[in-house]
1. I'd like the full set of residues that are loosely packed, with under 15 Cβ neighbours inside 10 Å and at positive phi, limited to segment 31-47.
2. Hey, does segment 18-32 have a residue that's part of a loop (DSSP other than H, G, I, E, B) and of a type in the set (Ser, Thr, Tyr)?
3. Within segment 61-70, work out how many residues are of a type in the set (D, E, K, R) and assigned to a loop (DSSP other than H, G, I, E, B).
4. What is the number of the single condition among (1) assigned to a helix (DSSP H, G or I); (2) of a type outside the set (A, V, I, L, M); (3) in contact (Cβ under 8 Å) with a residue 12 or more places away in the chain; (4) out of contact with any strand residue (DSSP E or B) (no Cβ under 9 Å at 6 or more places or on another chain) that Trp73 does not meet?
5. Leu88 - would you say it is within 11 Å of Ile12 (Cβ to Cβ) and out of contact with any Asp or Glu (no Cβ under 6 Å at 6 or more places or on another chain)?
6. Write out, first by first residue and then by second, each pair whose Cβ atoms fall under 9 Å of each other, whose residues are 6+ apart or on separate chains, and whose first residue, in segment 38-60, is of a type outside the set (D, E, K, R) and assigned to a helix (DSSP H, G or I) while the second is at pLDDT below 95 and surrounded by fewer than 18 Cβ atoms within 10 Å (Cβ to Cβ).
7. Just wondering, is there one or more residues in segment 68-78 that are surrounded by 12 or more Cβ atoms within 10 Å (Cβ to Cβ), over 10 Å from the mean Cα position of the chain (by Cα), closer than 15 Å to Met1 by Cα and among the aromatic types (Phe, Trp, Tyr)?
8. Restricting attention to segment 76-89, which residues are part of a helix (DSSP H, G or I) and either β-branched (Val, Ile, Thr) or at pLDDT 95 or above (or both)?
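The values are calculated or read from the model by the stated rules, or taken from the named source; none is laboratory data. Nothing here was measured: the structure is a model prediction, and the numbers come from that model. Cβ placement follows ideal geometry from the backbone for every residue including glycine, while neighbour counts extend to all protein chains displayed.
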Amino acid sequence: MPSISMFYGIIIYMFFFDDKKHHRPHIHTNYGEYDAVIAIDDGEIIEGKLPKKKLKLVQAWIEIHHEELLADWKLAVKGQLPFKIDPLK
């Protein structure tokens, strides 16, 4: 699973498996013992958990990089590696 960004201890991954589980464009996050799948369109947690403060950081990052994330999603759906995206600063 390719990592596309990392900030404040949060690792962001993007990959696509056609398992019909997550139809919406999304990212996978890891922060210590927490894992979550988060929708790109609205920042909603689809699956898993993330501490509230870390979720707010990820949601802000998604808002800033929305277009880049959608472009990466299109690559991932085609089985191509997504590009790295700048971390939240």
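1. Gly32
2. In the first step, residues of segment 18-32 are kept if they are part of a loop (DSSP other than H, G, I, E, B); the result is 18-25, 32.
Those left that are additionally of a type in the set (Ser, Thr, Tyr): none.
So far as segment 18-32 goes, no, none of its residues is part of a loop (DSSP other than H, G, I, E, B) and of a type in the set (Ser, Thr, Tyr).
3. Our first condition is that a residue be of a type in the set (D, E, K, R); within segment 61-70, this holds for 63, 67-68.
Those left that are additionally assigned to a loop (DSSP other than H, G, I, E, B): none.
Total satisfying the criteria: 0.
4. (4)
5. Working: within 11 Å of Ile12 (Cβ to Cβ): yes; out of contact with any Asp or Glu (no Cβ under 6 Å at 6 or more places or on another chain): yes.
Here the answer is yes, as Leu88 does meet what is asked.
6. Leu57/Leu88; Val58/Leu88; Ala60/Leu88
7. Within segment 68-78, none of the residues are surrounded by 12 or more Cβ atoms within 10 Å (Cβ to Cβ), over 10 Å from the mean Cα position of the chain (by Cα), closer than 15 Å to Met1 by Cα and among the aromatic types (Phe, Trp, Tyr).
8. The first filter runs over segment 76-89 and keeps only residues part of a helix (DSSP H, G or I), leaving 76-77.
Matches in segment 76-89: Val77 only.
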